[in-house]
Amino acid sequence: MNMKKRLLVFSVDALVREDVDKLMTLPNFGAVMKDSCQITHVRSIYPTVTYPIHTSIVTGCYPNKHGIASNFEFTTGDKEQNWLWDHRHVRVEDLFTVAKRSGYSTGSVFWPVTGNHPDVDYLLNEYWMPYAGDTLESSFRRAGSSEEVIRIALKHEDLLPESYHKTGRTNFMVQPYIDNFLIACACDIIEQFAPEVMFVHDGIMDGTRHKYGVFNSETDKGIEFVDKQFGLLMDALRRAGVYEETNIVVMSDHGQMDTKRIMKPNVYLRDHGFITTNECGGVVDWEAFCFSNAMSNLVYLKNPSDADTYEAVHRLLKEMAQEGIYGFNEVLTTAEIDKREHLSGDFSFVLESDGYTSFSDDCMRPAIKPFDVTDYRFGKATHGYNPDLGPQPVFNAVGPDFRRRMVIDRRPIVDIAPTLAKLLGLEMPCCQGTAIEQFLLGG
């Protein structure tokens, strides 16, 4: 292999092009990224939700190949214990594996679907204390963190919200506390170990938009917060003595759109006898179930080979879409969505939002759910929709191996992994994307 390169990727969840215009005026981002190459419109994958997209970023594959179609494993019950935290769910090799095999040291902080990743040397997975009795140490040890990283996490325990001791996502993932915690941990990993390939993911813009909407004074404050976070990461690179030789990427996964209501399509499946619940609304039996990805649904059939049920459910959903009052305006079969968006799985249909409706899995009336900012699907703005809609995600890159001020209007997000692999002198034959060679010196 040629002389090893250095790479830092900072993914700012739900950062959009309009945000970058403001970031360029701020002291940290503007100073570092003023000569960056950039993609003005990154086309994300479908569905536009965080875990599938971040898996596509590091694999260069669509969900029909890497296997992550949602933030959650399918369930008709409570989703909180069904997040796809663990790397074992990913069906293809990613950039961490390819880099590690070629002798690179690797690090990852809060990058989704990296739990227990065998090829990340310094790992702090996007995870929280999901079970009663969890401690910070037991939780991250379960998710695959090494002793060195656990010591770093414990060092910054005081940055977490007071409520984190109560365990659970809503007590742990409180902003901006969790953002300060993960950036402090990332900076320590950089300073102490200087991994040659380092990925960091933060959700401050995503959470702010869910809570307040897409564009407002609170998101302006969020952009300023991102600039400070970015500055801390740059300072860590400088203190580690690797700033000048590091290729720096700032990117995002999806945008968001403002929502006007949250509908419960399972109410209507229940009305038509496809779902049976107890008096508390818990599912006791089902033939069809709408599984929410926020502004889209994956529709599962208990027995997808039952042609009569398949046709009956398909007919009902098409009638609902045509009527135009149930929050979705398109029903796609698995074959149709795979052909259009490279999405497949053991679901039977996909429901696409009308552009202002998000969805709940709840089966009980009323058919409209109140907004609830503790769940990303039920906030004032969200995602999960067709990737061509709404404000678009971003890609900016600068460093010794990137060209200066090269601008490309549009590329798919699956092109990121092969581009970074080529920069590092690696090959990823499993990629469905292609390298953006115009960005690379010597490309």
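Scan the stretch 226-248 and report the pairs whose first residue is within 14 Å of PHE10 (Cα to Cα) and whose second residue is of a type in the set (Phe, Trp, Tyr), with Cβ atoms within less than 7 Å and a gap of 6+ or a chain change.
If the second residue must be of a type in the set (Phe, Trp, Tyr), the pairs left are ASP227/PHE29; PHE230/PHE10; PHE230/PHE29; LEU233/PHE10; MET234/TYR243; LEU237/TYR243; ASN247/PHE402.
Would you mention how many residues in the stretch 1-52 are among the small types (Gly, Ala, Ser), farther than 24 Å from GLU218 by Cβ and part of a strand (DSSP E or B)? Can you show your working first?
Narrowing the stretch 1-52 to residues among the small types (Gly, Ala, Ser): 11, 14, 30-31, 36, 44.
Next cut, farther than 24 Å from GLU218 by Cβ only: 31, 36.
Then keep just the ones that are part of a strand (DSSP E or B); that gives none.
Matching residues across the stretch 1-52 total 0.
Select from the stretch 252-278 the residues that are closer than 30 Å to PHE10 by Cβ and either surrounded by fewer than 21 Cβ atoms within 10 Å (Cβ to Cβ) or modelled with pLDDT under 95 (or both) and list them in ascending order.
ASP258
Just for helices (runs of 4 or more DSSP H) wholly inside the stretch 96-215: which have at least 2 residues that are farther than 22 Å from TYR243 by Cα and of a type in the set (D, E, K, R)?
The qualifying helices (runs of 4 or more DSSP H) are 136-142, 147-155, 204-212.
Please determine, by comparing only the residues of the stretch 31-61 that are free of Cβ contacts under 8 Å to residues at least 40 places away in the same chain and not hydrophobic (A, V, I, L, M, F, W, C), which one is farthest from PHE378 (Cα to Cα).
LYS34
If you check TYR177 against the conditions, is it under 15 Å from PHE110 (Cβ atoms) and assigned by TED's automatic domain parsing to the domain that holds HIS87?
Yes, satisfied.
Looking at (1) more than 22 Å from GLU427 (Cβ to Cβ); (2) in contact with an Asp or Glu (Cβ under 8 Å, 6 or more places away or on another chain), which one does GLY60 not meet, given that it meets all the others?
(1)
Output the number of residues of the stretch 80-91 satisfying the condition of being surrounded by fewer than 17 Cβ atoms within 10 Å (Cβ to Cβ) and either under 17 Å from PRO63 (Cβ atoms) or in contact with a strand residue (DSSP E or B) (Cβ under 7 Å, 6 or more places away or on another chain) (or both).
Residues flagged as surrounded by fewer than 17 Cβ atoms within 10 Å (Cβ to Cβ) and either under 17 Å from PRO63 (Cβ atoms) or in contact with a strand residue (DSSP E or B) (Cβ under 7 Å, 6 or more places away or on another chain) (or both) within the stretch 80-91 amount to 4.
Mind listing just one residue for me: the one in the stretch 355-375 that is aliphatic (A, V, I, L, M) and over 20 Å from the mean Cα position of the chain (by Cα) and, of those, farthest from HIS210 (Cα to Cα)? Break it down into steps so the answer makes sense when it comes.
Filtering the stretch 355-375 for residues aliphatic (A, V, I, L, M) gives 364, 367-368, 373.
Going one step further and asking which of them are over 20 Å from the mean Cα position of the chain (by Cα), we end up with 364, 367-368.
Working: MET364: 24, ALA367: 21, ILE368: 18 Å.
Among residues in the stretch 355-375 that are aliphatic (A, V, I, L, M) and over 20 Å from the mean Cα position of the chain (by Cα), the one farthest from HIS210 (Cα to Cα) is MET364.
What single numbered condition from (1) in a loop (DSSP other than H, G, I, E, B); (2) assigned by TED's automatic domain parsing to the domain that holds THR276 fails to hold for GLU352?
For GLU352, the failing item is (1).
Matching residues to (1) under 16 Å from PHE29 (Cα atoms); (2) assigned to a strand (DSSP E or B); (3) of a type outside the set (S, T, N, Q):
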{"site": "LYS221", "(1), (2), (3)": "yes, no, yes"}
{"site": "ASP227", "(1), (2), (3)": "yes, no, yes"}
{"site": "ASP253", "(1), (2), (3)": "no, no, yes"}
{"site": "ASN303", "(1), (2), (3)": "no, no, no"}
{"site": "GLU311", "(1), (2), (3)": "no, no, yes"}
{"site": "GLU319", "(1), (2), (3)": "no, no, yes"}
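Please determine whether any residue of the stretch 67-79 is assigned by TED's automatic domain parsing to the domain that holds THR170, aromatic (Phe, Trp, Tyr), surrounded by 18 or more Cβ atoms within 10 Å (Cβ to Cβ) and not in a loop (DSSP other than H, G, I, E, B).
Of all residues in the stretch 67-79, those assigned by TED's automatic domain parsing to the domain that holds THR170 come to 67-79.
Now narrow it down to the ones that are aromatic (Phe, Trp, Tyr): 72, 74.
After this cut, where a residue has to be surrounded by 18 or more Cβ atoms within 10 Å (Cβ to Cβ) as well, the list is 72.
Filter once more, keeping what is not in a loop (DSSP other than H, G, I, E, B): 72.
Within the stretch 67-79 (the criterion being assigned by TED's automatic domain parsing to the domain that holds THR170, aromatic (Phe, Trp, Tyr), surrounded by 18 or more Cβ atoms within 10 Å (Cβ to Cβ) and not in a loop (DSSP other than H, G, I, E, B)), the answer is yes, since at least one residue qualifies.
For GLU279, indicate whether it is within 30 Å of the chain's Cα centre (by Cα) and farther than 22 Å from ASP346 by Cα.
Answer is no for this residue.
Report yes if LEU237 is among the hydrophobic types (A, V, I, L, M, F, W, C), surrounded by fewer than 24 Cβ atoms within 10 Å (Cβ to Cβ) and closer than 25 Å to HIS117 by Cα, otherwise no.
Criteria met by LEU237.
The values are calculated or read from the model by the stated rules, or taken from the named source; none is laboratory data. If you're wondering where the values come from, they're calculated on a predicted model, not measured in any experiment. In this analysis, Cβ positions are derived from the backbone assuming ideal geometry, glycine residues included, and neighbour counts consider all displayed protein chains.
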